[in-house]
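The values are calculated or read from the model by the stated rules, or taken from the named source; none is laboratory data. On a predicted model such as this, the values are computed, not experimentally measured, just so you know. All Cβ positions, glycine included, derive from the backbone under ideal geometry; neighbour counts span all protein chains shown.
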Amino acid sequence: MMWRFERYQANTAVVDEYGASLSYAELRHEGRMLCQQADGRCLVFCLCKNVMGSFVGYTSFVNGGVVPAMLSADMDPAQFAALYEAYKPKYIWAPAEFELEDSCCRYERFGYRLLQTPFGDATRLSPELALLLTTSGSTGSPKFVRQSHNNIRANTDSIVAYLALTERERPITTLPMNYTYGLSILNSHLDVGATILLTDKGVAQKEFWNFFREQGATSFGGVPYTYEMLDRMRFTRMDLPSLTTLTQAGGKLLPQLHQKYAEWCRDTGRKLIVMYGQCEATARMAYLPWEKSLEKIGSMGIAIPGGSFELIDAEGGLINEPNVTGELRYRGDNVTLGYATGAVDLMKGDERHGVLETGDMAQRDADGYYTIVGRKKRFLKMFGNRVNLDETERMLKAQFPASEVACGGHDDHLTLFSTDEGALPAMRAYLAEKTGLNQSGFFTRAVTEIPKNDAGKTLYVELEKYDD
Amino acid sequence: MTNQEKYVNAFVQALEVSAEEAPALVYGESRAWDSVGHMTLIAALEDAFDVMMEMDDIIDLSSFEKGKEILRKYDVEI
């Protein structure tokens, strides 16, 4: 069992924007009812929204030993179909309007239905497996990160400790629960008996702020794009007396915004906590203690309690000197079991043994604080979601076989380079649709050729020179 | 360009929809008008009419029709 809800019986576990709420005792009861219907350990695809049905499904499955794969309820149907075929889940937990062929409804609660698929117990699960998450809101391959019960427990303990969470907290949701950062906020606060304020609305919507004020939210989390939006909305002028803590993860915050929010927090008696993590490390690996947020602008801080970092040079040796760039390696009990690319992988055990090569390039200063300076792998963060550029290129090549195309850019700005100028608008629309990301983050540039080396490999550094 | 044309044009440019689709748009009901699209739209409207909207108005602008009403506060008649 992940959480011991019986410790907080009378506390309110969750309040939604429509006024419904559940105590911890009720949440525990709902969990038993739902898991009884699921009838034992199995794989469930959970189609997530920040609504009561989705929330109760997640907490019930994880606590009841049922393994949920967390997917966005808005995901591309073709992508859902690919995952469904590859993993053959026994059930789908989905909004009532979701339709699935050859399924029957076993249970309905909070506007969600438990649909039994024709697969039965076809998919076998390793005893350690607790949860499956995708690495981003995006693309292509049916890949999951395999998280164990121990992973979630270890990361939850660390987060509760460094944020010093108590039952008085009232975090409001700003991130989806199929996204590791959003989920970590639920996990850690449920562990201390706090009250989750559940809304599917975003910070650009009036209903969000009305709910925020009515329910006295004490904290929220944001990806860099959230803070850019809040900045444009002149958020710091808002009167939000209940707010005590702002957390940030999901990519590197612009240093000037880091400074601005750190100063605002200092001046108004609040805490800004910049953090760093990956789905492969359950959620969190590092945090910048709020007392240091102004002193260490641009830094993501120090390893969480129970974790540690190493910096590795090009020859594979350890870097001991300060301010030298190396690849960041993390060790801790929250390092996940590994990936899955199909149902058979769900029987696999631990492949990482507590060590994660993050793929990020970082430096450590003389005080021991880490700063991310680049990435080893070719991916971008788009509005907090990881997008693998090699994968988007493969998708485009498959869909537009006659055109030459390459992907580049920087965070929140993905550029499509092609020699086929006429095809660029269609490519851009295709990628926005398939990734489910807003098209305003995708840019196009017509080029006379895609620069390549003698071996035929794209020279991305050359290509980026064409981008503004 | 009339104010009506400028207004429609801001939606067309920011959300990449056709001028015919624009009047029916509501925040959150199409993929184009999500939180990212919303900020692009606000910037386009502020540019088009040379205004700077208050936060309360930014978060209140939830449909094509509502936007007209809000811009009236900034002395923009559409």
The number of residues in region A:418-449 that are in contact with a strand residue (DSSP E or B) (Cβ under 6 Å, 6 or more places away or on another chain), more than 14 Å from chain B (Cβ to nearest Cβ) and more than 17 Å from A:A398 (Cβ to Cβ) is 3
Here is a list: A:L27, A:L34. Which entry is hydrophobic (A, V, I, L, M, F, W, C), in a helix (DSSP H, G or I) and closer than 23 Å to A:S126 by Cβ? A:L34
Which one of the conditions (1) within 20 Å of A:A281 (Cβ to Cβ); (2) of a type in the set (A, V, I, L, M, F, W, C); (3) assigned to a loop (DSSP other than H, G, I, E, B) does A:A366 fail to meet, given that it meets all the rest? (1)
Could you count how many residues in region A:389-411 are touching a strand residue (DSSP E or B) at 6+ places or on another chain (Cβ under 6 Å) and under 19 Å from A:A249 (Cβ atoms)? 1
Does A:Y8 satisfy the criteria of being among the hydroxyl-bearing types (S, T, Y) and within 26 Å of A:G342 (Cα to Cα)? no
Under the condition of being hydrophobic (A, V, I, L, M, F, W, C) and farther than 16 Å from A:G250 by Cα, which residue from region A:276-301 is surrounded by the fewest Cβ atoms within 10 Å (Cβ to Cβ)? A:L294
Determine which member of the set A:L257, A:L243, A:L272 is more than 14 Å from chain B (Cβ to nearest Cβ) and assigned to a loop (DSSP other than H, G, I, E, B). A:L243
Scan region B:26-46 for residues that are more than 7 Å from every other protein chain (Cβ to nearest Cβ), of a type in the set (D, E) and either touching a helix residue (DSSP H, G or I) at 6+ places or on another chain (Cβ under 8 Å) or surrounded by 15 or more Cβ atoms within 10 Å (Cβ to Cβ) (or both) and jot them down. B:E46
Among the numbered criteria (1) surrounded by 19 or more Cβ atoms within 10 Å (Cβ to Cβ); (2) touching a residue at least 60 places away in the same chain (Cβ under 8 Å), which single criterion is violated by A:D365? (1)
In this structure, is B:E65 over 29 Å from A:A426 (Cβ atoms) and assigned to a helix (DSSP H, G or I)? yes
Cβ pairs under 7 Å, 6+ apart or interchain, first in region A:228-240 and closer than 24 Å to A:M382 by Cα and at the interface with another protein chain (Cβ under 10 Å from one of its Cβ atoms), second outside any helix (DSSP H, G or I) and hydrophobic (A, V, I, L, M, F, W, C), ordered by first then second residue, are A:M229/A:V203; A:M229/A:A204; A:L230/A:V203
Taking A:K381 and the conditions (1) of a type outside the set (A, V, I, L, M, F, W, C); (2) modelled with pLDDT of 95 or more; (3) surrounded by 15 or more Cβ atoms within 10 Å (Cβ to Cβ), which numbered condition does it fall short on, given that it satisfies the others? (2)
Among A:A96, A:A13, the single one that is touching an Asp or Glu at 6+ places or on another chain (Cβ under 9 Å) and under 26 Å from A:E167 (Cβ atoms) is A:A13
Considering residues that are touching a Phe, Trp or Tyr at 6+ places or on another chain (Cβ under 7 Å) and within 14 Å of chain B (Cβ to nearest Cβ), the number found within region A:388-415 is 3
Of all the strands (runs of 3 or more DSSP E) wholly in region A:93-183, which have at least 3 residues that are surrounded by 19 or more Cβ atoms within 10 Å (Cβ to Cβ) and at pLDDT 95 or above? A:112-116, A:129-133, A:144-148
Candidate set: region A:18-41, residues that are among the basic types (K, R) and over 16 Å from A:Q116 (Cβ atoms); chosen: the one surrounded by the fewest Cβ atoms within 10 Å (Cβ to Cβ): A:R32
Are there any pairs, at least 6 apart or on different chains, whose C-beta atoms fall under 7 Å, with the first in region A:142-153 and β-branched (V, I, T) and the second buried (at least 19 other Cβ atoms within 10 Å of the Cβ) and part of a helix (DSSP H, G or I), and if so, which? A:V145/A:C279; A:V145/A:E280; A:I152/A:N187
Enumeration of residues in region B:40-78 that are touching a strand residue (DSSP E or B) at 6+ places or on another chain (Cβ under 8 Å) and either among the small types (G, A, S) or under 20 Å from A:M238 (Cβ atoms) (or both): B:S62, B:S63
